[in-house]
């Protein structure tokens, strides 16, 4: 891996676009070590999504840059993400959930005008039941999204904002400026 001072301008601009503050206080962003063997230059962020004080989703966004380009990427910059979120039990078995979850990503990117090409990915739904020493009260259900896309320019601010918007939707957070009613308030009304 090259030192940051030797990084190409396109990579430096791309990283700068990912270092903007989180658009929401309930999404905590942190720089993490990037994978070393996927591209000559890499940068990574992790995200923790909170509802009240509970972690309800997490994700990683990895920026890969190969100045020589990459045929499969259709460019020389690629964004790769892995997102995991808890599901409400009634959503876990919904056969339409993977298609809907995919639109959470594409719609969020498009709403931020984050232009891209060569997008692809998978959506996985899992249900786990714990036994023995790991037993819990109910089965848990999770959604996992793995996706990658090629931005059409190296200003990635709109891609970061789109990714954060997708994290919020995936975690079931209300839109910015809207306060969710807690279970306590719902019971009182």
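The figures follow:
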item	result
Residues satisfying the stated conditions in the stretch 71-81, i.e. touching a residue at least 24 places away in the same chain (Cβ under 8 Å) and either more than 20 Å from residue 166 (Cα to Cα) or surrounded by fewer than 16 Cβ atoms within 10 Å (Cβ to Cβ) (or both)	72, 73, 74, 75, 76, 77
Any hit, the stretch 137-145, residues being assigned to a strand (DSSP E or B) and within 30 Å of residue 40 (Cβ to Cβ)	yes
Residue check, residue 166 closer than 25 Å to residue 89 by Cβ, modelled with pLDDT of 95 or more and not in a strand (DSSP E or B)	yes
Count - residues of the stretch 21-31 that are part of a strand (DSSP E or B) and touching a helix residue (DSSP H, G or I) at 6+ places or on another chain (Cβ under 6 Å)	1
Among residues of the stretch 124-171, those that are closer than 20 Å to residue 109 by Cβ and touching a residue at least 40 places away in the same chain (Cβ under 8 Å), counted	28
Test set (1) surrounded by 14 or more Cβ atoms within 10 Å (Cβ to Cβ); (2) out of contact with any strand residue (DSSP E or B) (no Cβ under 9 Å at 6 or more places or on another chain) - residue 144 fails condition number	(2)
Residue in the stretch 45-67 that is buried (at least 17 other Cβ atoms within 10 Å of the Cβ), touching a residue at least 24 places away in the same chain (Cβ under 8 Å) and more than 19 Å from the chain's Cα centre (by Cα) present	yes
Total residues in the stretch 89-103, condition within 18 Å of residue 166 (Cα to Cα), at pLDDT below 95 and either surrounded by fewer than 19 Cβ atoms within 10 Å (Cβ to Cβ) or out of contact with any strand residue (DSSP E or B) (no Cβ under 7 Å at 6 or more places or on another chain) (or both)	6
Test set (1) under 16 Å from residue 171 (Cα atoms); (2) modelled with pLDDT under 95; (3) touching a helix residue (DSSP H, G or I) at 6+ places or on another chain (Cβ under 6 Å) - residue 127 fails condition number	(1)
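The values are calculated or read from the model by the stated rules, or taken from the named source; none is laboratory data. Bear in mind that the values here come from a model prediction, so they are computed numbers and not experimental data. Note that each Cβ is placed from the backbone with ideal geometry, even for glycine, and that neighbours are counted across all protein chains shown.
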